[in-house]
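Heads up, the thing below is written out as structure tokens.
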Amino acid sequence: MDKASMGGTALMTGVVVLVCYQATGGDLMSLWSSKGFYMVILGTVAAVMMSMPFDRIKMVPGYIRKFLFNKTRPAMETIAMMSKLSEKARRDGILSLESDVASIPDAFVAAGLKMAVDGIDPDTIESTMRMEIMAMQDRHKSGKKFFDIIKTYGPGLGLIATLIGQIGMFKNLGGDIATMGYMLAVAVVATMYGTVLANCIAGPMGDKLAYRSGEEILAREMALQAILSIQAGENPRVTLDKMSAFIPASTREKAKAA
């Protein structure tokens with residue numbers, strides 16, 4: 001479980017609830033608007049269905065899990081694992097790694113290493129693994145796109161509901177001031193729904209998925225370079241240097257020492 005995602009979600013929820021409670025004097029039901037709910041929430045669902053194919057919409061639970069749980073292997077763990085494999089291949093030959101393939105927890109690394117052990121041409125290994133990286137990147141873009149759609153259309157639909165509510169308010173000009181005040185409040189609540197949906201939920205979640213995607217792509221590029229280096233029979237120090245190029249300079253010495 002990602003502590004930052006959980007902590008940020010809890011803090012954001014607490015802040016929104018606290019501000020709403022203070023602004024309404026404890027009467028949170030005054031923030032409820034069925035018209036705003038229909039237009040913003042159901043309208044956003046409709047916008048997502050109109051914008052994305054159904055097979056990608058079915059992956060929404062996976063997008064949320066990706067936000068809450070970080071399954072990307074830390075770079076230091078990948079470097080340590082690949083360095084050990086490089087040293088073993090240098091000492092005993094690349095065929096000695098065949099017994100290690102099944103125990104590698106990363107399916108991407110295991111597949112690439114298996115191709116290297118089988119003697120597949122390096123260009124073929126690189127092109128195959130890069131295609132897999134591209135396919136993964138495309139799947140990740142769908143997750144980011146889902147939250148971007150919500151962030152884009154949520155506030156706009158809230159504004160539409162507000163404008164509709166104002167039309168009803170203008171029709172009652174000259175009538176009971178309390179009724180007009182209630183109708184204005186209902187209209188403004190719809191805009192609040194859209195803004196909260198975009199800035200407190202969809203925006204941060206989409207940005208976290210984009211960050212996760214960048215991390216995973218970088219990790220796979222690093223593993224790919226290590227596999228190609230191992231297959232080429234390069235010195236383990238060279239393999240380590242190639243992987244270290246993907247991490248910040250401040251942590252490279254720590255990685256090499258480990």
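Can you tell me which residue among 179, 152 is under 26 Å from residue 23 (Cα atoms), of a type in the set (Ser, Thr, Tyr) and either modelled with pLDDT under 90 or not in a loop (DSSP other than H, G, I, E, B) (or both)?
Working: 152 fails: under 26 Å from residue 23 (Cα atoms).
One residue alone meets the criteria, 179.
Going through region 13-43 one residue at a time, which ones are outside any helix (DSSP H, G or I) and among the hydrophobic types (A, V, I, L, M, F, W, C)? Please lay out each step first, then the result.
Filtering region 13-43 down to residues outside any helix (DSSP H, G or I) leaves 25-27, 32-33.
Within region 13-43, 32 is the sole residue that qualifies.
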Region 65-104 - residue that is charged (D, E, K, R) and surrounded by fewer than 16 Cβ atoms within 10 Å (Cβ to Cβ) and, of those, nearest to residue 9 (Cα to Cα):
65
Top-ranked residue of region 50-64 - restricted to ones that are surrounded by 12 or more Cβ atoms within 10 Å (Cβ to Cβ) and among the aliphatic types (A, V, I, L, M), ranked as nearest to the chain's Cα centre (by Cα):
64
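When you go through 228, 197 one by one, which is the residue that is assigned to a helix (DSSP H, G or I), over 15 Å from the mean Cα position of the chain (by Cα) and under 22 Å from residue 8 (Cα atoms)?
Working: 228 fails: under 22 Å from residue 8 (Cα atoms).
Testing whether each residue is assigned to a helix (DSSP H, G or I), over 15 Å from the mean Cα position of the chain (by Cα) and under 22 Å from residue 8 (Cα atoms) leaves just 197.
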Residues of region 64-75 satisfying the condition of being of a type in the set (Phe, Trp, Tyr) and part of a loop (DSSP other than H, G, I, E, B):
69
Every residue in region 81-111 that is under 26 Å from residue 4 (Cβ atoms) and either within 19 Å of the chain's Cα centre (by Cα) or not aliphatic (A, V, I, L, M) (or both), please.
105, 106, 108
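Within region 120-149, can you find the residues that are assigned to a helix (DSSP H, G or I) and more than 25 Å from the chain's Cα centre (by Cα)? Spell out how you get there, then give the answer.
Start the filter on region 120-149 by keeping residues that are assigned to a helix (DSSP H, G or I), which leaves 122-149.
Across region 120-149, the qualifying residues are 122, 123, 124, 125, 126, 127.
Could you list, in sequence order, the residues of region 65-80 that are hydrophobic (A, V, I, L, M, F, W, C), closer than 26 Å to residue 244 by Cα and within 16 Å of the chain's Cα centre (by Cα)?
Keep residues of region 65-80 that are hydrophobic (A, V, I, L, M, F, W, C), which gives 67-69, 75-76, 79-80.
Still in the running and closer than 26 Å to residue 244 by Cα: 69, 75-76, 79-80.
Matches in region 65-80: 69 only.
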Only unsatisfied item for residue 44, checking (1) surrounded by 15 or more Cβ atoms within 10 Å (Cβ to Cβ); (2) hydroxyl-bearing (Ser, Thr, Tyr); (3) out of contact with any Gly (no Cβ under 6 Å at 6 or more places or on another chain), is (3)
Selection from region 44-63 of residues that are among the aliphatic types (A, V, I, L, M) and in a helix (DSSP H, G or I)
45, 46, 47, 48, 49, 50, 57, 60
Can you give me the number of residues within region 114-146 that are in contact (Cβ under 8 Å) with a residue 40 or more places away in the chain and among the small types (Gly, Ala, Ser)?
3
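The values are calculated or read from the model by the stated rules, or taken from the named source; none is laboratory data. Given the structure is predicted, the values throughout are model-derived calculations rather than measurements. With ideal geometry, Cβ positions are generated from the backbone for all residues, glycine too; neighbour counts draw on all protein chains shown.
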